[in-house]
Every structure is written in structure tokens, then in C-alpha cells.
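Taking it in order: structure first as C-alpha cells, then the write-up.
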Amino acid sequence: MEDPELDIQVEEIRGDDGSYKYSFIYERATMYEFKYERKPQPDPVDPCYRCYRRIWDKEQMANVGVLYHKACFRCRICGLPLTMQTFYRNDANGSQDREVYCKTHVGKNIHQIQQERAPIAGIEDNYNPALDQTPTGRPRPAIGAAPNFSPKSSPRGSPYPQGSLREAPNHLGSAQFTPSKQNLHDTSMGSSIVSVTPRTLNGTSWLTGTPGSALEYTLMTGGSYSRPRPVLQSYEDFERYAVFDSQWTLESRHHEEEERLQRFLSEEREKEMRRLDTSIDSEKERAAADLLASMDQMSLQQNPRNLVAERERIEDHFRRTRDEKLRGVMDKVAAEEKARASRMLDRHCHEMLLLIAEKDREVDGNALYDHSMRPALANRDYNTLTDLVRDLTRDCQTELEKCRALFRWIISKDIGKTSARDIARPNASLTLLKGVKSGRETYHQLFKKLCSFAGLHCEIILGYSKGAGYKPGMNLTGNTFRNSWTAVAIDGNWRLVNVTWAARHVTGTKEELPEMYTKYDEFYFLTDPEDYIYQHYPDEAAWQLLEIPLPFSEFMNLPVVKSPFFNYGLRFYSNYGATLTTDTGMVEVRVIAPKILGFGSLLEPYDKANNTSNMEGRTLLRYVRNEAIFTVNVPRPGLYYFSIYTGDYWNSDCLESACSFMINCTQNMGAAAPPYPPVPFFGPTPIMEKFGILAENQIDPLIVSNSDYLDIVFKMGKDVKVTHTFQYYDAEEGTVNDIDRYVFLKARNDVGATYMLRCPREGFYIFSLYASQAECVDTQSLDCAYRYLIICQEPNPAVVAFPRTYHRWQRCTLHEPVSGDLMTNKRYTFRLDVPQASEVFVVLGDMYHHLKRKLGFTWEGIISTGGSVAKLKVVARFSITGKECSIFAHLLDYELVEDAETEI
């Protein structure tokens, strides 16, 4: 049957005030129209890159390096709704093009669209019965909804505002939903900046698919997927929000209570001692009275020594009695003191956690605060699930808190561990966890069972997972990568939970068994579906919980992304596939990071039999603003695995796997490019922010230089002490050599520093800036603030070195001569700024040539170098606190040569 005629109309209108209007009409059995308008000028705060209007609701924002309303996050050409997995950047236009495109229109301009005669994928997709089957061919069963759930907006955004969706349908049929034109135009931002209108010609539309069908997956979308971890975690968080100040106040009150308790316990101890002494004295008095009464009956002829012996016996008896009672009293008092101190410690710790929880609420009033939530740990064997869940959820007030308590109990309890009692008496245990221990029951089944007793709807989801052993490009077939996880209905929305993966993160190797430990991964509690889809693909597409379900083929094409990638707040700059194809041998991966983190990478050949020694130095990492850019330069055509690792600190030694790709180099590139210098990264470190230093003219730490010299300017305060190194990397020898004479501190004043660099030969150069506070006298304590990698492609063979500088040159400026090698028998003009100098001299041999002071603190003079080959020095005498110093300070050294050409 012949396809209906295809008609595409594109219209652009640019106003004189700078406004812009765009219209796209696509007609092929279905008429589809996409329109949007752009203001003349963007709003000053959080403007949308598409419409220039401010984004008020952060939950309705898409951040891909620039900001978009989620309703505006559509293809620039056709308006197809995009997700973080389906948008594309037009790299052919360079990094300046920040627009987003669909797969059909990436790399095309608007004028090419009028001639398009092919259908546009995604706008008009006819119903496909294969969509009702899983990747394995099994029919998809219906998904039942939790009762009385009201759909909420997805974190991916939607063209439909919250509340515009009616009853959510399922596969078994439900009330048909037809979006109204008003709802389609509403963007929840106060104005119709985006218009998407499907107009039916034959009873169908791209929104409804087929007559009588309805929007799938509506109920499956969730709200805001904030993970319930403590808001305040790092030292910087505690310092910024004055947690320490509040803790000092609370701690002082605790100290007062402890002192009062100590005084009370001392008084109690003294009272017990007095009671004991009173009791012993009373008994001694009775014994003495009995002894006196017996004396009358004694014979007068009795030896008096017997009386003395009797008295000593009585004294010894009461001494032993007192010691025994004293030990008993002391043990009793000590036990009471420990009990009171323990109760006070528990109360103080609870008050401290409540204090931090209050600070949590001040920062984020919508978070779940684990600082005030004590993890529920049931240590005894339970005979019923009712008792177990009752104890776990005793203090829970909401469904979220119930789910959190069950989740934390499962991941913190080593259920699979076998105790000595279980080995000795394997049939004696009647605990409820016996099924999990024996392997007959999974963690997910236990979690679902506990959820049902807590009144929570929980479903076990089956599908494929890119888990341990999976690498990019591998096929997901058979049962090798089959897996399961759960979804829990919380407050009307389905949320993804994976108790198995949350507790299985083990660090260490078999050779380091004592250092192995389990690290709980909070990423797998209420995971954002957009993040979860990178690792897990359910058999039923509805359980993706995405507004636009991802086809299985696109899931296979996603890179392998691990939980640390999301835990550290990373995002991809563009939509990368699992395989990065190149015909030049170079690929680039750009990752958006919230701060400067620790990064590492690993490049290895697909075929392990190949030599891996030439993989060193094939990856370059540089930081540019909030991006970490990895440039990979493979040595020869073939397949490679490229993995990225990350850590919490910029100089972390312990890194976690974040993501991995396959690189396919298709063509023979000829000779391989040289490896990069052995430097971890190039760009700023946190020292830049700490000391308020800014890179003024060279923002990108990768500089390609084809000129005689290069200027690098930094902004910094006068209280910052800086120094530098300049090195040449010999790629053939694999060595790094210092060439400090080819870098020069041209100027250093109260607002910044300017460096001049020269590259005498082709290759790689490393310029490093080190900084500390001015009062620091130890030159070894300066920390690296910035690193540049300079690639010189066309060096000038006549380039010469700079003069050598000394410590006192700080705050001085050289105007001329800037060449460090001066010709003999020539006259040169010396002009330099030396603040606080009383005299400046050019020293040639034993001759001191005085420079004249000009305007301000500029010194100038004409000097003849003479015919001898020697060194020329510039020295100065400074005034200190109004008194002239008699010692000359060494500023600069020049070399006098007969030939100006130099070699490194």
C-alpha cells in the first residue's frame, strides 16, 4: 500500500526587537504542529535556553550544561519530547551549539527539513504488536495499580501539567484518555511558550497510537526522587550552616549536666560511706557492751592479756567486716554510676542528633532526616513477621518512613552469614529468615513480604541488568544477566528499590581479605528512573517508570553507568552511546561535575592478548569550569574499553567505578600520536577557590600555541604567595625536564600576576602554578593551584629564553628587554618597575650602571654590553620603614652571548 503524501512546513519569524517565533508542521496521515516563541532578551536569573523565560520550579528543569524547562526540552527542529537518554548535541557545529535535537534531526539545519521526504521517527509510530512482548518473546502481563493513587509529575518533565491526567489505564483496558488542547498548551509556567498540537485526520494521533487506546505508563511516573540521605554530611556543610556553633552551645550544657551528675554521685558515695561507718560503729558499740558485761563474770585470777587479745580479735573482726561491706557498697555505687552515665550518654547523643536534624530541616524541609532516625535493628529471633514489622515500624509515621526502616534493616543485617549455632544445630532455628539463609528465598521476596505486613504495595520486577561482568557492547541474551528488583508504592507513586545491590558493594580483593568490607549504597533507595534505566531494563516497559519508555535497542546502546556516577552528582554533557566510534583515533567524553572531584581512567584493549604497555599516557583529563573532559588517543585501529573512576576529593587515592564505554577506531591512522605527559589532570584545584585565584585569559588548561610567546594572566589578591614550574615532556624518552628560563613572571601587582612563556621546540609543555598565604615562609608547603598543558605545533627556531628571576623580583614588572640572552657589543634600553626601591643598578662585571628613576617607580637607562661574554645582573637597594638598606637585592640575571640562538 502506498504511503500517504508527506508534507513538512517550517517557518521562522524574527522580530525587530530580537524576538523569535518558530513553527513546524508535519503532515502524513496525521497532522502535527510544533510552535514556540522566544523573548528578545533572556531573564537574568535561571533563563531557559529555548524560550529565555525564567525557570521558577527546579523540579521542572532539565540541566544539560544549559537550563531548559522540561516542557521546552524538545528537539529544536520537530519538537519531539526528549529525555536525558535520547537527546543529541550537534557536535558538527562546535561547542557553541547548546541546542538539543532528536536522533532524526541532529546535524541538520532548518533549510534541509523542507526537502525531507522520510517519516520522522517518534512523531508518527503506528501500533506495533511486538511492543506487547518482552525482549525474550514472552507476552507482557498487565500491571495492576495500587488503589486510589493520584498520578504525579515525573522528574523527567511532561507536556501535561499535574492534574491534567485522568484515571491511569493498564493493559487490560480502562477509561480512554484524550488530552485536551488547553492541557497540551499549558506549560505550568504562566505562559504558552511551547505549543504541541496533534490534529487527527483518521481517528488516530501520535499521542493515542490507535483508536480506543490510551496513554500507557501514566500511573508509573513518580514525583521528585530525592534520596533520603542526611542533608548535612561534609565538614564544609557543618561549617557553612553553623552546626559547630550550635554543637558548642549544646556541649557546654552537656558538660554542666555531667558535672552535676558527678557532684551528685560523689555525694551519694559519701552518704553510703557514712551509712557504712555508722552501721559498723553501731555494731562495735554492741560488741563492746557485750564484752563489758562478760567481764563481771570473769575470774579475778584471769590473765589480763586475754582481755587485750579479745579486744584485738573484735577490732580485726570489724575491720574485715567493714572491708567486705565496703567492697559491696563500692560495687553497687559503681554500677549505679555506670547506669546513670550510660543513660545520660544516650540522651546527649540523641539530643545532638536532633540538633543536626533541625539543621537538616533548615536547609531542606522536604528531606528524610536519618540524623534523627535511629536504624531499626531487630536482634532477636522472631516467630512471626507481625512482631518483626511491628518493632521495625514502631516510630514510623508515613509510608516513606516505613519503607526506609524496612530497607535499612535488610541491607544492614548480614542475613546470609551462618552462625556457629546454625552449623551445630541446623534444624534448631525456626527464624523467619531461614528461607533467605538457605537460598530458597531472595532478598527481594523478603522485602516484598515485609512491605505487605507494613501495608505497602510492593512488586518484584524481572528484567536484564548490566551488572558484574558486563562490559559495553556485550549482548544481553540467555540468563547470564537476568535479574530482579522491586518497586514500592509510596504516597501514590511507584518508587524503585533494590535491596540486593544496595548492600552488596564490597571493597577489597581476595589477596586483601582483612580489608574487605561491605559499603551500603544509598543510590538504590528510591532511585530516579532516568538514572536506573542505565543499569536495569524490565521485561515490562511500563516498569521503567518513564513517560517515554526506552526501547531495548537503545538500552543496549547506553554506556555502562555505575551508582557512584550519580552519587557524586555527575551528568554527561551529551548523549553518549555505549560505543564511541572514531576514524581519527581520538574521542572525547565530557562529564558535568558539581565540584572538582577525584578522577581516574583506564584504557585497555578489547583483545587481552594485545600488548597493553602502550596504553600508558593515552588519556588526557582536564577541568574546564564545571566539566571534566576526557580526551582518549588510541594507539592504533581496533576495539578498546575505556572506564572512568571517581572519588570524593580531587586528590583521592581510592576511586570508584563510574562509567565505561567501548571505543571503536575504524581506520588506519598511520603513525600513532605521541602519548600525553604523565600528569593526573590539567586545570584548577580547590586551592584556586581557597585563595581567590582566577584564570583570566586562558580558561581552558589545554592550549595549542603557534606563536613566539604566550601570556597567562591570573587574578589574585596581594596576600597570595605564588611560584611556578615550567617543564618539557620528551615523548620519545618519556622524561620531564625543567626549562624554567622559558617562563617569566612579567608582572605581579596587588590584583594579579602575568606570566610569559616561550616554547623552543615542538611538543608538550607543562606549566604549574603553586600558591599559599603570604605569611607562609616554608616554600615546600605551596600547593598546586593550576596546571596547563601547552602543545606547540610550529615553534620558532629563533626563540630565546627569558632572564632568570630571583625571590625579590616579586611585585616588580619588566618592560624591556624581555630576552634573557643579550648580544655582546650592543646597546640595550633597560626599563622596569621596582616598587619601594631607592636605587637600581645594572651590574656588568665590576661595573655598576645606575638606572634613572622616572615617573612613579619606573627605572630606565641605556646600557652597552661590551665585548666580554659574561653574566649581566640587575640589583636594587630598597627602603625599609623609611630607612635605606645597605644590602643589594638580586633581581634578574641575563646571559651575554655572541649568538642569540639557544637550545634547551
Going through segment 47-82 one residue at a time, which ones are out of contact with any strand residue (DSSP E or B) (no Cβ under 7 Å at 6 or more places or on another chain), part of a loop (DSSP other than H, G, I, E, B) and surrounded by fewer than 20 Cβ atoms within 10 Å (Cβ to Cβ)? W56, D57, V66
Residues in segment 397-405: is at least one at negative phi, among the aliphatic types (A, V, I, L, M) and at pLDDT 85 or above? yes
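Is it the case that segment 634-644 has a residue that's of a type in the set (F, W, Y), out of contact with any His (no Cβ under 9 Å at 6 or more places or on another chain), part of a loop (DSSP other than H, G, I, E, B) and farther than 18 Å from I592 by Cβ?
no
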For segment 333-349, which positions are of a type outside the set (G, A, S) and in contact (Cβ under 8 Å) with a residue 24 or more places away in the chain? V333, E336, E337, R340, M344, H348
Can you pull out the residues in segment 470-483 that are more than 27 Å from the chain's Cα centre (by Cα) and crowded, with 17+ Cβ neighbours inside 10 Å? L476, F481, N483
Identify, please: which residue in segment 844-857 is surrounded by 16 or more Cβ atoms within 10 Å (Cβ to Cβ) and in contact (Cβ under 8 Å) with a residue 24 or more places away in the chain and is, among those, nearest to V875 (Cα to Cα)? L844
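Give segment 380-409 a look and list any residue that's among the polar types (S, T, N, Q) and surrounded by 16 or more Cβ atoms within 10 Å (Cβ to Cβ), or say none.
Kept after step one, since they are among the polar types (S, T, N, Q), are these residues of segment 380-409: 383-384, 386, 393, 397-398.
Scanning segment 380-409 gives a single hit, T393.
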Which residue is surrounded by the most Cβ atoms within 10 Å (Cβ to Cβ), if the candidates are limited to segment 818-843 and must be within 13 Å of Y894 (Cβ to Cβ) and free of Cβ contacts under 8 Å to residues at least 40 places away in the same chain? V842
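I'd like to know if segment 322-338 contains one or more residues that are in contact with a Lys or Arg (Cβ under 7 Å, 6 or more places away or on another chain), part of a helix (DSSP H, G or I) and at pLDDT 80 or above.
Scanning segment 322-338 turns up at least one residue that is in contact with a Lys or Arg (Cβ under 7 Å, 6 or more places away or on another chain), part of a helix (DSSP H, G or I) and at pLDDT 80 or above.
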So which residues in segment 623-661 are surrounded by fewer than 19 Cβ atoms within 10 Å (Cβ to Cβ), modelled with pLDDT of 90 or more and either small (G, A, S) or within 30 Å of A785 (Cα to Cα) (or both), if there are any at all? V624, E627, T631, S643, S657
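Would you call Y828 under 23 Å from I862 (Cβ atoms), part of a strand (DSSP E or B) and not polar (S, T, N, Q)?
Details: under 23 Å from I862 (Cβ atoms): yes; part of a strand (DSSP E or B): yes; not polar (S, T, N, Q): yes.
So Y828 fits the description; yes.
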If we keep only residues of segment 90-107 that are modelled with pLDDT of 80 or more and assigned to a loop (DSSP other than H, G, I, E, B), then the residue farthest from L67 (Cα to Cα) is T104
Given the options R804, R831, R787, name the one that is touching a helix residue (DSSP H, G or I) at 6+ places or on another chain (Cβ under 8 Å) and of a type in the set (D, E, K, R). R804
Pairs please, first residue from segment 81-107 and more than 25 Å from Q60 (Cα to Cα) and in the same structural domain as Y32 (by TED's automatic domain parsing), second anywhere and modelled with pLDDT under 80 and surrounded by 18 or more Cβ atoms within 10 Å (Cβ to Cβ), Cβ atoms under 8 Å, 6+ apart in sequence or on different chains. T104/I120; G107/N90
So which pairs qualify, if the first residue must be in segment 862-887 and over 16 Å from N825 (Cβ atoms) and part of a strand (DSSP E or B), the second must be basic (K, R) and at pLDDT 85 or above, the Cβ gap must be under 7 Å, and the two must be at least 6 apart or on different chains? E884/R877
What residue, among those in segment 863-884 that are hydrophobic (A, V, I, L, M, F, W, C) and surrounded by 13 or more Cβ atoms within 10 Å (Cβ to Cβ), is modelled with the lowest pLDDT? A870
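The values are calculated or read from the model by the stated rules, or taken from the named source; none is laboratory data. Just so you know, these numbers come straight off a predicted model, no measurement behind them. Backbone-built Cβ (ideal geometry, glycine too); neighbour counts: all protein chains shown.
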